[in-house]
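Report on the following structure.
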Amino acid sequence: MMRQAGRYLPEYRTIRNRSGAFLDLCYSPEKAVELTLQPIRRFGFDAAILFSDILVIPDALGIPVIFKEGQGPIIKPISIDEISLLKVDNVLSHLIPIFETLKELSIQLPSETTLLGFCGAPWTIATYMIVGHATPNQVPTRLFALEKTTVFQRLIDVITEASILYLVEQIKNGAEAVQIFDSWASLLDQDQMNRWCIEPVRRIVEGVRYHVPHAKIIGFPKGIGAYYKDYRRLTGVNMVSLDWGLPLSFAQEIQKKGPVQGNLDPLRLIAGGKVLNDGVDMILESLSSGPLVFNLGHGIMPNTPIDHVESMIKRVRDFKGN
Ligand code: CP3
């Protein structure tokens with residue numbers, strides 16, 4: 001489940017309440033291992049996703065990130081001068097605890113449980129770095145990209161380079177596949193989509209495969225609608241993760257070209273009952289005859305009841321096929 005480790009779990013909240021800053025959890029191998037394993041122990045998912053956050057990359061680039069209770073991430077907005085000075089030299093040494101976490105997880109996880117690593121896509125990371133927090137429709141970042149294109153390109157290039165180093169090291173330390181989250185990909189016109197979403201992810205895929213030729217990479221360009229059609233071919237990702245906004249007939253077309261993941265609306269998981277069952281059945285009936293990783297179409301919400309998660313898992317596992 002996307003964001004399967006986190007705030008809807010009481011065992012997560014216990015550790016979170018006892019700990020200091022959120023990023024310190026990500027940089028503490030002992031705690032990050034425990035938090036990664038919690039949903040596996042409780043639900044027996046097929047895959048464990050590293051407990052971390054996409055915003056460790058700005059932090060590793062020397063732009064401190066803090067998480068404020070109830071507000072999400074806060075970053076000091078980056079200046080044009082700071083963009084020109086950004087360097088990837090310290091990225092890997094800053095992220096060593098995360099590689100230790102992966103190494104330990106690959107020892108502790110049952111062999112049938114896949115270990116997933118991840119990073120944010122450059123566009124999504126850049127939106128947080130330019131403004132410092134999420135904004136409606138990412139207006140300031142879109143305008144920055146249009147008006148200060150050369151500077152913005154440099155920011156995207158640095159994040160791309162850092163992400164390649166980061167993902168290669170994740171795979172070397174035990175991640176069996178990696179997912180690239182482009183949570184804010186939906187807001188761009190065709191030219192900007194190619195420049196800021198597709199091309200940087202293509203370069204990450206190419207860069208990672210230069211070091212690890214058979215690296216398995218999942219792309220999640222949330223909300224890109226019709227652009228999903230060519231996303232796999234243009235970027236080179238193996239699997240595409242789909243949000244719930246796509247018609248399932250369109251999802252079937254995408255699935256003809258390779259595996260898909262998704263795409264239950266996380267609100268159905270909060271609502272539960274018939275609404276949840278119908279949502280699960282719709283996906284399984286449309287997509288289960290091809291390569292499918294059943295998943296949510298975006299992250300689980302903190303107020304999701306655990307018994308709804310249990311009943312979703314049971315319904316998926318009991319499904320007998322078409
Ligand atoms: O199970 C997992 O997937 C855990 C690892 C994980 C986290 N964040 C932990 C986390 C992953 C894969 C992410 C990805 C992430 N982080 C994305 C991309 C996916 C998506 O949901 O769109 C984005 C955009 C972020 C940035 C981020 N981190 C935001 C906007 C927030 C605050 C809002 C929220 O949903 O909590 C976070 C905080 C965060 N990341 C928490 C966790 C467990 C909650 C921290 C807390 O308050 O305890």
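Among (1) within 19 Å of the chain's Cα centre (by Cα); (2) without any contact (Cβ under 8 Å) to a residue 40 or more places away in the chain; (3) within 20 Å of Ile78 (Cβ to Cβ), which single condition is Ile198 missing? Every condition holds for Ile198 apart from (3).
Restricting the search to the stretch 97-115, which residues are part of a helix (DSSP H, G or I) and over 17 Å from Arg42 (Cβ atoms)? Pro97, Ile98, Phe99, Glu100, Thr101, Leu102, Lys103, Glu104, Ser106, Ile107, listed by residue number. Among the conditions (1) without any contact (Cβ under 8 Å) to a residue 24 or more places away in the chain; (2) of a type in the set (A, V, I, L, M); (3) closer than 30 Å to Val158 by Cβ, Leu246 misses just one, which is (3). Being buried (at least 18 other Cβ atoms within 10 Å of the Cβ) and within 16 Å of the ligand (Cβ to nearest atom) is the filter here, so list the residues in the stretch 220-249 that pass it. If the condition is that a residue be buried (at least 18 other Cβ atoms within 10 Å of the Cβ) and within 16 Å of the ligand (Cβ to nearest atom), then Phe220, Pro221, Lys222, Gly223, Ile224, Val237, Met239, Val240, Ser241, Leu242, Asp243, Trp244 are the ones that fit. Of everything in the stretch 78-103 that is within 16 Å of the ligand (Cβ to nearest atom) and not aromatic (Phe, Trp, Tyr), the residue that is surrounded by the fewest Cβ atoms within 10 Å (Cβ to Cβ) is Pro97.
For every residue, the table says whether it meets (1) loosely packed, with under 13 Cβ neighbours inside 10 Å; (2) closer than 21 Å to Phe181 by Cβ.
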site	(1), (2)
Asn277	no, no
Ser288	no, no
Leu292	no, yes
Leu296	no, yes
Gly299	no, yes
Thr304	no, yes
Lys314	yes, no
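Look at Ile125 and say whether it is within 14 Å of the ligand (Cβ to nearest atom), under 20 Å from Lys31 (Cβ atoms), touching a residue at least 40 places away in the same chain (Cβ under 8 Å) and part of a helix (DSSP H, G or I). Taking the combined requirement at face value, the residue does not satisfy it. Scan the stretch 224-257 for residues that are part of a loop (DSSP other than H, G, I, E, B) and within 19 Å of the chain's Cα centre (by Cα) and the total you get is 9. Note on the stretch 45-68: among residues that are free of Cβ contacts under 8 Å to residues at least 40 places away in the same chain and over 20 Å from Asn173 (Cβ atoms), the one that is surrounded by the most Cβ atoms within 10 Å (Cβ to Cβ) is Gly62.
Quick grid of which residues meet (1) among the acidic types (Asp, Glu); (2) farther than 20 Å from Leu25 by Cβ; (3) under 20 Å from the mean Cα position of the chain (by Cα):
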| position | (1), (2), (3) |
| --- | --- |
| Leu37 | no, no, yes |
| Ile40 | no, no, yes |
| Leu50 | no, no, yes |
| Asp53 | yes, no, yes |
| Pro58 | no, no, yes |
| Ser79 | no, yes, no |
| Leu86 | no, yes, no |
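Among the conditions (1) under 17 Å from the mean Cα position of the chain (by Cα); (2) closer than 19 Å to Thr101 by Cα; (3) surrounded by fewer than 19 Cβ atoms within 10 Å (Cβ to Cβ), the only one that Gly20 does not satisfy is (1).
Checking each residue in the stretch 1-53 for being within 17 Å of Leu116 (Cβ to Cβ), near the ligand (Cβ under 9 Å from one of its atoms) and in a helix (DSSP H, G or I) picks out Cys26, Leu35, Thr36, Pro39. Being touching a residue at least 24 places away in the same chain (Cβ under 8 Å), among the hydroxyl-bearing types (Ser, Thr, Tyr) and within 21 Å of Gly219 (Cα to Cα) is a description that applies to Thr113. Scanning the stretch 163-186 turns up no residue that is assigned to a loop (DSSP other than H, G, I, E, B) and modelled with pLDDT under 95. Select from the stretch 178-197 the residues that are within 13 Å of the ligand (Cβ to nearest atom) and either under 30 Å from Glu112 (Cα atoms) or hydrophobic (A, V, I, L, M, F, W, C) (or both) and list them in ascending order. Matches in the stretch 178-197: Val178, Gln179, Ile180, Phe181, Asp182, Ser183, Trp184, Ala185. One residue alone among Ser19, Ser93, Ser52, Ser84 is of a type in the set (Ser, Thr, Tyr) and modelled with pLDDT under 95, and that residue is Ser19.
The values are calculated or read from the model by the stated rules, or taken from the named source; none is laboratory data. A quick note: this is a predicted structure, and the numbers were derived from the prediction, not measured. Glycine also receives a Cβ, built like all others from the backbone with ideal geometry; neighbour counts cover every protein chain displayed.
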